[in-house]
Amino acid sequence: MSQSIYHRRQLYGILLNAFSALSFYFATFFVRLGALYDADLASELFAFVRYLPGFFFALYLFRKAELPFRWKVPIPVYLRAIFNTLALLFFYEAVATGPAGTANVLNMTYPAFVAIIAIPVFREIPDTRMLIVLAFSMGGIGLYVLYPLISTGTISTADLWGIGSGLLAAIAILSLRGAAMQARAEEILLWMFALGSIASFPLAVSSLDQMLEPGGLYVLASACLGIAGQWSLTRSYAYLSATAGSIVSSLRIPIALVAGFFLLQEIPGLSGILGAGLIFVGNLFLALFRRSEKKE
């Protein structure tokens, strides 16, 4: 492959990944707009309407790959589906009840939680530099959560939902490690969207009639952007390394802060900006360190 073709492929992958970051943020942007338009518009409805079309898309990919269907799949595949669903439900609840920018930043703490959970689970002993990076990330989380607690004596429920989404997403990512060794990506996606649709349906069924109201447009817009983000993110990794993809995906943090400020008038304050900066830097260095460890 010539250098010019290689660079074009890299640029295409970066653009796809950056588009996914934009899409994922604006999917939550419409969740927040929907909550502001109608406080009764359930966040679970947004999740269900995102999962159901995703299931049919995953089913198409599964059939295209001509894979045999099996009811009994490896446990990590189930775990991936369960924790991904919980992470999305927590995330959308954080967006519905608090600033969308803050929810996105706290959801992006999952790389730090992956590194922390991997210590006891996979016995991945961190070195000094990794501990320093984790300190950056945890310091950013502390500024978001502990600083308001110290200054006001209260902690935001929306922030707890956001932190919970990051933690659950980390478990989903770790489950994906085991799932990817025992199942094809098409099968993992099929079970993820299928269980997500089944789990979110009972929570959203009482709100389905809201799809016929004006607020349903926010739900549809959010679902379309979420699916577009998932597609472009998946496609980007055909042209990018995992490290480069992780770095570009972290752009969702500054995108969330800037878009939240200009479009939703969300002002994070100094502690929020510093916290987001620490989490962003921590994510970048976590990705770079993983790359250097693989080379070694």
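The values are calculated or read from the model by the stated rules, or taken from the named source; none is laboratory data. None of the values given here were measured: they were computed from a predicted structure. Cβ coordinates were reconstructed from backbone atoms using ideal geometry, including for glycine residues, and neighbour counts include every protein chain displayed. SASA here: full protein model, heavy atoms, side chains in, ligands and nucleic acids out. Shrake-Rupley method; radii C 1.70, N 1.55, O 1.52, S 1.80 Å.
Filtering segment 247-265 to residues that are open to solvent by 30 Å² or more (accessible area, probe 1.4 Å) and touching a helix residue (DSSP H, G or I) at 6+ places or on another chain (Cβ under 8 Å) leaves Ile247, Leu251, Pro254, Ile255, Leu257, Phe261, Leu263. Considering the conditions (1) at pLDDT 85 or above; (2) among the small types (Gly, Ala, Ser); (3) more than 19 Å from the chain's Cα centre (by Cα), Gly153 is excluded by exactly one of them, (1). Filtered by the rule that a residue be farther than 15 Å from Phe30 by Cβ, surrounded by 24 or more Cβ atoms within 10 Å (Cβ to Cβ) and aliphatic (A, V, I, L, M), segment 95-120 gives Val105, Leu106, Met108, Ala112. Residue count for segment 58-86 satisfying the condition of being within 18 Å of Leu176 (Cβ to Cβ) and open to solvent by 60 Å² or more (accessible area, probe 1.4 Å): 5. If we scan segment 273-287, do we find a residue that is open to solvent by 30 Å² or more (accessible area, probe 1.4 Å), in a helix (DSSP H, G or I), in contact with a Lys or Arg (Cβ under 8 Å, 6 or more places away or on another chain) and closer than 30 Å to Ile5 by Cβ? For segment 273-287, residues open to solvent by 30 Å² or more (accessible area, probe 1.4 Å), in a helix (DSSP H, G or I), in contact with a Lys or Arg (Cβ under 8 Å, 6 or more places away or on another chain) and closer than 30 Å to Ile5 by Cβ: absent. The set of residues from segment 214-232 being modelled with pLDDT of 90 or more and open to solvent by 10 Å² or more (accessible area, probe 1.4 Å) comprises Leu217, Tyr218, Leu220, Ala221, Cys224, Leu225.
For segment 233-246, the tally of residues that are within 11 Å of Ala21 (Cα to Cα) and either among the aliphatic types (A, V, I, L, M) or crowded, with 20+ Cβ neighbours inside 10 Å (or both) stands at 2.
Filtered by the rule that a residue be touching a Leu at 6+ places or on another chain (Cβ under 8 Å) and over 25 Å from Leu284 (Cβ atoms), segment 56-95 gives Ala58, Leu59, Leu61, Phe62, Pro76, Tyr78, Arg80, Ala81, Ile82, Thr85, Leu86, Leu89. Scanning segment 1-49 for residues that are surrounded by fewer than 17 Cβ atoms within 10 Å (Cβ to Cβ), within 30 Å of Ala199 (Cβ to Cβ) and either among the polar types (S, T, N, Q) or in contact (Cβ under 8 Å) with a residue 24 or more places away in the chain (or both) yields Tyr37, Asp38, Asp40.
When segment 141-188 is filtered for residues that are assigned to a helix (DSSP H, G or I) and polar (S, T, N, Q), the ones remaining, listed by number, are Ser151, Thr152, Thr157, Ser165, Ser175.
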